[in-house]
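Participant: Quick one: the structure is below, and I'll ask about it shortly.
The values are calculated or read from the model by the stated rules, or taken from the named source; none is laboratory data. Just so it is clear, the structure is predicted and the values come from calculations on it, not from any experiment. Here the Cβ positions follow ideal geometry from the backbone for every residue, glycine too, while neighbour counts run over all protein chains shown. Just the protein is used for accessible areas: all its heavy atoms, side chains included, with ligands, DNA and RNA removed. Shrake-Rupley method; radii C 1.70, N 1.55, O 1.52, S 1.80 Å.
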Amino acid sequence: MPTTSGTGERPRSRAAAGLPAITADKVVSAATQLTAEAGLDNWTLRQLARAVDAYPAVIYHHVGDRDAVVNAVVDRVVGLLRLPDPKLPWQEWFTELLAELRRVLRTYPGCARRLALFGPSVDAATRSIDAGVGVLLTAGFGRESVLAYNLLVMTACQFVAMEDDRESALALRIDNTETYATYRERTDLPGMAELGSAMHDLMGDPDLAAGYYEQLYDYAVHRCLDGLAHRLEELRDQGSSGLTAT
């Protein structure tokens with residue numbers, strides 16, 4: 001924070017104290033870095049103020065309260081998404097987009113939950129929504145394109161949010177895994193035995209355990225895409241029937 005002058009008086013400006021000017025962009029950049037380090041919900045405005053070497057009032061002046069800063073961070077993170085080649089078939093396009101979405105959101109824990117609940121601002125979302133819904137319109141989803149887009153993106157955000165939350169409760173997760181693993185030989189409970197075997201395999205293979213949530217994420221994404229592909233065939237059949245009837 002700004003230091004006092006040699007006379008014991010506080011400088012009238014940051015420039016007088018030899019400090020760089022504070023901007024909204026600098027505040028949001030610092031908050032985004034804190035989010036990468038600690039998670040979106042685990043830093044305070046005071047910590048943010050220290051990160052930019054300013055008083056909390058300066059944060060309010062340039063960006064607003066903590067909620068305003070959080071919204072700006074989420075928008076900044078959404079802006080980091082690299083969109084796939086628009087020439088790709090729709091399923092490949094979304095496979096690439098959602099893999100990129102997980103990569104970005106896992107870098108900034110807590111943003112996935114915020115997106116799942118509230119979404120980004122219109123300005124931040126326009127680029128990805130226009131591209132994604134456009135891909136689905138071209139594929140033939142028609143008026144269902146928005147629903148299909150939201151299904152895919154919200155499912156992805158929810159799975160990443162779950163992964164973020166589970167990581168913060170590691171001890172409980174390990175304890176549950178060990179308990180489930182004890183059921184692997186219960187012939188009277190075949191479903192639990194199958195789950196127990198899977199958990200036992202995870203416990204015995206660190207590489208498999210490390211990639212479990214990514215595997216689960218990919219499974220959810222691809223099964224959603226499978227379902228939408230089936231729905232697209234139904235829409236095409238309905239369209240063909242309508243043309244025949246006329």
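Participant: Principal axes first, then extents: for the Cα atoms of the chain, list largest minus smallest coordinate on each axis, whole Å, largest first.
Facilitator: 84, 60, 25
Participant: Kindly report, to the nearest 10 Å², the accessible surface of MET162 as traced by a 1.4 Å probe over protein heavy atoms only.
Facilitator: Using a 1.4 Å probe on the heavy atoms, I get roughly 60 Å².
Participant: I've got another one for you. Looking at the P(r) of the range 62-156, how many percent of alpha-carbon pairs lie beyond 19 Å?
Facilitator: On the way: 1774 of 4465 pairs.
The calculated P(r) of the range 62-156 puts 40 percent of pairs beyond 19 Å.
Participant: May I pose another question? Which longest uninterrupted range of the chain lacks any trypsin sites (Lys or Arg not before Pro) assigned by DSSP to a loop state (not H, G, I, E or B) and surrounded by at most 14 other Cβ atoms within 10 Å?
Facilitator: By the stated rule (loop sites, at most 14 other Cβ atoms within 10 Å), 88-185.
Participant: To the nearest 0.05, how large is the calculated FRET efficiency for HIS61 and GLU37 if R₀ is 22 Å and r is the Cβ-Cβ distance?
Facilitator: Working: r = 24 Å, r/R0 = 1.11.
Plugging the Cβ-Cβ distance into 1/(1 + (r/R0)^6) gives 0.35.
Participant: Take the chain, mark every one of the GluC sites (Glu not before Pro) that falls in a DSSP loop and has at most 11 other Cβ within 10 Å, then report the longest stretch left between them, sites excluded.
Facilitator: Value returned for the longest uninterrupted segment is 10-184.
Participant: Assuming R0 = 41 Å, what is the FRET efficiency of LYS87 and LYS26, from their Cβ-Cβ distance, to the nearest 0.05?
Facilitator: In this case the efficiency is close to 0.60.
Participant: Can you name the helices of the chain, as whole DSSP H runs, whose Cα span along the helix axis is 24 Å or more and whose Kyte-Doolittle mean is not below 0.5?
Facilitator: Answer set is 122-139.
Participant: On the accessible surface of the chain, probed at 1.4 Å, how many percent belong to carbon and sulfur atoms?
Facilitator: Taking all protein chains in place, the chain shows 55 percent carbon and sulfur surface.
Participant: Less than 17 Å from a label point 7 Å out along the Cα-to-Cβ axis of ASP237: which backbone N atoms in the range 139-156 qualify, by residue?
Facilitator: Flagged as within label range: 141.
Participant: If you don't mind, there's one more thing I want to ask. Modelling each spin label as a point 7 Å along the Cα-to-Cβ direction, I'd like the ALA131/LEU189 distance in nm, to one decimal.
Facilitator: 4.6 nm
Participant: For LEU40, what residues show an amide H to amide H distance below 5 Å, using hydrogens built from the backbone and excluding near sequence neighbours?
Facilitator: Here the answer is GLY110, CYS111, since their amide H atoms fall under 5 Å of that of LEU40.
Participant: Moving on. Which FRET efficiency value, to the nearest 0.05, do you get for ALA220 and ARG50 by plugging their Cβ-Cβ distance into 1/(1 + (r/R0)^6) with R0 = 45 Å?
Facilitator: Using R0 = 45 Å, I get an efficiency of 0.70.
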